[in-house]
Amino acid sequence: MVQHLVDRSIRMVFAHLRRNRLIAAAIFTALLLLYLPTLTRVHTFDALSYVTSVERKPWTELFHPHHLAYGPLGSLMLTLSRALGYDNGAALPMQLVNAVAGALGAALFYLTVCAATGRDDVALPATLLLGVAYAYWYYAIEIEVYTLATFFLIVCLALMTRPTPWTARRCLALGIAQGGAVLFHQTNVLLCAPIVLSALSDLRTAWKPGSARAAVGRWSGYAVALALIVAMPYLYAMLVVSNFRAPAEMLAWLTEYARTGWWGGPLTVATIADLGAGLSDTLAQPGGGWFYLALGGVVAWAWGRHSQIPTGEQDDAQGNRVALTPLIAWLATYGAFFAWWEPDNIEFWIASLPPACLVFAAALARARWWSAPVWTSLAIVGVIAWGNYGSIVRRGDPSTDLQRLIARELAARSTPADLLIVPDGLQELYLPYYERRENFLSLNQALFDSGGSWDDACATIRSRIATAQRAGAAVLIADEALHPPPRVLNRHGIAQAQVDGCFAPYHATLVDLALAEPLPSYRRLPSATETALAGGWVFERDAMGWQAFNVAGERLDGGWRFRPGIDPALLSPLLNLDAREVTAIEIRMANGTRARDAQLFYAGIDGALTEEYSVRWQLAETAEAVTYVIDLREASGWHGIITRLRFDPVGMGDDGEIRVEWVRLRLATPSGKQALASVGRLSSTLSICAAHAA
């Protein structure tokens, strides 16, 4: 009779395990079928950064100190997908990995809750709550590190909450699993805190000479496994790939983000508000806070009249099988760190979802099997899923993605050679990824590369603008780069007046692009050809793409001033002028040297500047500003497309100063003459002279 009961109990246990595994498989399938159709087509900055890096760099350059394994994994997925015939980039393969990891993590979580609570009824709403929570769902369909890291955390959770004594194999597996979590996001070293509590609890339970030695041995195995899993890849990346040799280099690489000063800060009212928003959005968008209250009400209900645990029997009740101390320590450790680090960022709260959902399941397990609180929790989770589905679909719709619309409009208003100055790094990724625009600079990146020094960032911006102008290209500048928001100014300790001073040379020639709402404002510096045809180059505060050679003491003050040396020259930007439309070139300059010989060169499509294609003339014997008109209608070689001008103001200097006020074209068309006349009114000292041919 006893043997029969034992056999029957064993059969029931195995039947229960088989049923749970079937339910876990069904959960995996259902969530995967939910994730795949909702794969986002609107990506975060980090997501596009990962994709572009994987597609453009060798795998050895993909090691990032904060998520070491993710880049090489993306490279592996790209290689496998190409081997299988898919050649549309790394985005979809990397999203599929996350979707599978998210669904698999939820299935494992279901089995974890079943084992920890002994209740498959409470495991179902807790698992679905995890799987459809906004943050978990969104990052399971995005290209990000957090879902894979959370999968390993769920493995750790399963090992930590298993209601059986600790063994050496289990501790070893825990070290390996945590190592995987750390390799996908280094902040998961925080998990050491709750694990230490589990180890101390085990050591206290086994405090006998032989047992204590065994406990120390198995937890030493955990520590060694964790150290090896984490240290070996990091050492490979630092010593072999990056060729670091000094400890200071390694430390600087490992702590790059932490040293930016962008993260962390004192606890303020704003921080608390951000924390509330982050936690609310992690669960649901919109209405996450209300759902927390609803689920809390269900827990209170479960602990009330529907409780299956009589007073005085709580310690032995099945619903209290979960060891809550490590879970609370987990939530407290991660919660305290990320509340300080970046409280409103939902991606960081994903790591807290599995223990939080397990605590919810443990509390719900106070209720009777499949009682009203369990069904009510399932209904609440269903409402959360419905609301999050709409939010995720809307967020992933590229037709409503403002950044995509901005990138598309900028591409339509520019050429690949034009420089695009954008406010932040998101457009630095959107422009090349979606619009194949490679010539860009973000204000944030300039500040980051300069270590927050505005002087250095301004020098970078001006250098990039000068390079674009010399190439004859236009420059498009975001109004948010011209007028950064207060958070950017405050972060870097700069004032709007400093920004205005940096862009001051360009204000006079900036043209508003007049983009339609809701697109932000952008302004444009015309290309060299446009400038030439619209009124020429007025050298008041900017050389406008021209370059001076063999001169000294360059400055812009009432014109372009310099002291010519031997064979001085002013070289124009690249141009695309139809020679038939230009009859003459006007140059207004003041010559403070004794030299009187001047020469103008012009190049065709081959770019060659030769003596044959040039005009010489004599300068007036005065140090006052004179306008010289160089008639080109009969000049040798003045035909076809003109791509460059070179003006030699004198043959050789004598330490006297030359001031060039402007260079402009005389156009053959009436509209061109009208435009030229309007620009001519900028100067009240115009003096027109006939050119003197040599």
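The values are calculated or read from the model by the stated rules, or taken from the named source; none is laboratory data. Keep in mind it's a predicted model, so treat the numbers as computed, not measured. Cβ sites come from the backbone with ideal geometry, for glycine too, and all protein chains shown count toward neighbours.
Summary table below
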quantity	calculated
For Arg218: the one exception among (1) surrounded by fewer than 16 Cβ atoms within 10 Å (Cβ to Cβ); (2) more than 20 Å from Cys357 (Cβ to Cβ)	(1)
Contacts under 8 angstrom Cβ, first residue in region 238-262 being on the phi > 0 side of the Ramachandran plot, partner surrounded by 13 or more Cβ atoms within 10 Å (Cβ to Cβ) and at pLDDT below 90, 6 or more apart	Gly261/Gly452; Gly261/Arg491
Qualifying position, being closer than 30 Å to Glu256 by Cβ and hydroxyl-bearing (Ser, Thr, Tyr), among Thr187, Thr205	Thr187
Residue that is more than 20 Å from Ala548 (Cβ to Cβ), surrounded by 17 or more Cβ atoms within 10 Å (Cβ to Cβ) and at pLDDT 90 or above, where the choices are Arg659, Arg666	Arg666
Residue within region 452-467 that is of a type outside the set (S, T, N, Q), within 20 Å of Tyr522 (Cβ to Cβ) and surrounded by fewer than 16 Cβ atoms within 10 Å (Cβ to Cβ) present	yes
Residue in region 408-422 that is part of a helix (DSSP H, G or I), closer than 13 Å to Val42 by Cα and among the aliphatic types (A, V, I, L, M) present	no
Cβ-Cβ under 8 Å pairs, at least 6 apart or on other chains, region 52-80 side assigned by TED's automatic domain parsing to the domain that holds Gln178 and outside any loop (DSSP other than H, G, I, E, B), far side of a type in the set (Phe, Trp, Tyr) and modelled with pLDDT of 95 or more	Tyr70/Phe184
Filtered residues of region 624-637 (kept if surrounded by fewer than 19 Cβ atoms within 10 Å (Cβ to Cβ) and part of a loop (DSSP other than H, G, I, E, B))	Glu624, Arg633, Glu634, Ala635, Ser636, Gly637
The listed residue being in the same structural domain as Ile585 (by TED's automatic domain parsing) and surrounded by 14 or more Cβ atoms within 10 Å (Cβ to Cβ), out of Val499, Val551	Val551
Qualifying positions in region 535-561 - at positive phi and touching a residue at least 24 places away in the same chain (Cβ under 8 Å)	Gly535, Gly536, Met544, Gly545, Gly553, Gly558, Gly559
Residue count for region 252-274, restricted to those that are modelled with pLDDT of 75 or more and within 22 Å of Gln445 (Cα to Cα)	5
Residue in region 568-582 that is in contact with an Asp or Glu (Cβ under 7 Å, 6 or more places away or on another chain) and surrounded by fewer than 19 Cβ atoms within 10 Å (Cβ to Cβ) present	yes
Search result, residues across region 73-87 that are surrounded by fewer than 18 Cβ atoms within 10 Å (Cβ to Cβ) and closer than 24 Å to Ser242 by Cβ	Leu76, Thr79
Criterion (in the same structural domain as Leu410 (by TED's automatic domain parsing) and buried (at least 16 other Cβ atoms within 10 Å of the Cβ)) met by exactly one of Glu480, Glu540	Glu480
Inter-residue pairs, beta-carbon under 6 Å, first free of Cβ contacts under 8 Å to residues at least 24 places away in the same chain and in region 434-459, second assigned to a loop (DSSP other than H, G, I, E, B) and exposed (fewer than 15 other Cβ atoms within 10 Å of the Cβ), 6+ apart	none
Residue within region 86-99 that is in the same structural domain as Trp386 (by TED's automatic domain parsing) and on the phi > 0 side of the Ramachandran plot present	yes
Elements of type helices (runs of 4 or more DSSP H) contained in region 99-194, each with 2 or more residues being touching a residue at least 40 places away in the same chain (Cβ under 8 Å) and surrounded by fewer than 24 Cβ atoms within 10 Å (Cβ to Cβ)	120-132, 146-161, 168-184
Of all residues making up region 442-492, the number that are in a strand (DSSP E or B), hydrophobic (A, V, I, L, M, F, W, C) and over 20 Å from Asp512 (Cβ atoms)	0
